[in-house]
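Each remark here refers to the structure printed beneath this line.
The values are calculated or read from the model by the stated rules, or taken from the named source; none is laboratory data. This is a predicted model, so every value here is computed, not measured. For neighbour counting, all protein chains shown are included, and Cβ atoms are generated from backbone atoms with ideal geometry for every residue, glycine included. These area figures cover heavy atoms from the full protein model, side chains too; ligands, DNA and RNA do not enter into them. Shrake-Rupley method; radii C 1.70, N 1.55, O 1.52, S 1.80 Å.
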Amino acid sequence: MSRNQPIGVPSHQSIAYHLSSQQYNKTMKILVPIKRVIDYAIKIRVDPTKGPHAVQQANVKMSMNPFCEIAVEEAIRLKEAKKSKDDEVVAVSIGPKQCSETIRTALAMGADRGIHIETKGDVRGDYIDLQPWGIANLLKGVVEKEDKVDLVLLGKQSIDSDCGQTGPLLAGLLNAPQATFAAKVTREDDGSFVVDRETDAGTETIKLKPSNAPAVITCDLRLNTPRYPTMPNIMKAKKKPVQVISLEDMVKELGLNLDDVLKPRNQVVEVYEPPPRKEGEMVESVDVLIGKLKGKGLVG
């Protein structure tokens, strides 16, 4: 099976290109794409007069996407489990200048270095301008430029768009083995990754065999609890290397078309706040409550 096979690798299937023991690389490099989003604890402000740009981002606290934090934590745990100084965790972010702060957070957690593909300030990454197709194409280029990436760990989705598309798209473009919604990740001695994923039917275990492409795994909420960076590690993170390259230069280097990368495949027609919940009604007793429920036909 060639690497140029059309995209669309099924998410529940591991496509294996078996490597000989001589080809197996015992060191491990993990790439972790991370996204800067509005902080999960902040109340979103919506201006309905601005159509698809209704979500207001000016003067709002931003932080790393919670699912991306889980991915960073898991990458660091996998590295710590191997106890090898040659292993490397690389954090990658695509976005405006302020994304450097998000990368520094990942470095303070334990990542070794960062890559920042810097976009102009008016390019929105919350599904308005830069959508999963463009992001996946850029990440594919990063994977191919890096030397011997073994694993790409992503959050299963970002909380600003909730698409959950970037990981599967990237796996398809790379023709790589993938597993989504990971609840547990284990690396075997032969370089394969065993993933437990939670489904509606129960827990499913998938083995991603070593291949010519890195394994792609998206992380679910139950995978781990991310650590808080300590002050010494925050100070160390300031000295860790971060490569910055503009989106325009990156697109040119990869032979992509900027308009194609930024062209939305889906159009956000409208963004609006959910309607306010109706105020509850207080009752004097259980009997009154049951009577009201019967009156509404909610109980027999």
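Surface listing: PHE181, PHE67 arranged by accessible area from highest to lowest gives PHE181, PHE67, probe 1.4 Å.
Along the axis of the charge dipole computed for the chain (Cβ charges of +1 for Lys and Arg, -1 for Asp and Glu, origin at the Cα centre), the listed residues LEU78, THR119, GLN165 are led at the positive end by LEU78.
Binning the C-alpha pair distances of region 78-147 at 10 Å intervals from 0 yields a P(r) profile of 18, 43, 31, 8, 0 %, listed from the shortest bin outward.
Sort THR49, THR166 by accessible area with a 1.4 Å probe, largest first. Walk me through the intermediate numbers first.
Values: THR49 115, THR166 30 Å².
Sorted by accessible area, descending: THR49, THR166.
Near LYS263, no amide H atom lies under 5 Å from its own; only residues 5 or more places off or on other chains count, and H is placed 1.01 Å from N. Rounded to the nearest percent, how much of the accessible area of the chain (1.4 Å probe, protein heavy atoms only) is carbon and sulfur? C and S fraction of accessible area: 51 percent.
Here the extension length gained between MET235 and ARG113 equals 42.5 nm, from 0.36 nm per residue of separation less the Cα-Cα distance. The residue list ALA176, PRO132, TYR228 was ranked by how far each Cα lies along the charge dipole of region 129-271 toward its positive end, using unit charges on Cβ atoms, and TYR228 comes out on top. For a paramagnetic label modelled on LYS184 (point 7 Å from Cα along Cα→Cβ), amide N atoms under 16 Å away belong, within region 66-80, to 78.
With R₀ set to 35 Å, the beta-carbon distance separating ALA81 from LYS145 gives a calculated FRET efficiency near 0.85. Look at the dipole of region 230-279 built from charges on Cβ: of PRO264, PRO241, LEU254, the Cα furthest out on the positive end belongs to PRO241. A simple charge model with +1 on the Cβ of Lys and Arg, -1 on the Cβ of Asp and Glu and nothing else charged puts the dipole of region 60-193 at about 180 debye relative to its Cα centre. Between 0 and 90 degrees, the angle of helix 99-109 with respect to the longest Cα principal axis of the chain falls at about 80 degrees. Temperature 20 °C, viscosity 1.002 mPa s: under these conditions the Stokes-Einstein estimate for the chain, based on its Kirkwood radius over C-alpha pairs, is 102 µm² per second. Excluding same-chain neighbours fewer than eight residues apart, no lysines are reachable from LYS294 by a Cα-Cα span under 19 Å.
Past the 27 Å Cα-Cα mark, which pairs from LYS61/LYS252; LYS140/LYS184; LYS29/LYS156; LYS209/LYS236; LYS209/LYS239; LYS79/LYS209? Could you put the intermediate results ahead of the total?
Numbers: LYS61/LYS252 32 Å; LYS140/LYS184 24 Å; LYS29/LYS156 20 Å; LYS209/LYS236 35 Å; LYS209/LYS239 36 Å; LYS79/LYS209 19 Å.
Over 27 Å Cα-Cα: LYS61/LYS252; LYS209/LYS236; LYS209/LYS239.
Each Lys and Arg adds +1 at its Cβ and each Asp and Glu adds -1 at its Cβ; summed about the Cα centre, the chain shows a dipole of about 560 debye.
Solvent exposure of region 13-295, expressed per residue, is 54 Å² of accessible area, with all protein chains present and a 1.4 angstrom probe. Summary of the geometry: region 147-218 and region 41-103, compared by the centres of their Cα atoms, lie 18 Å apart.
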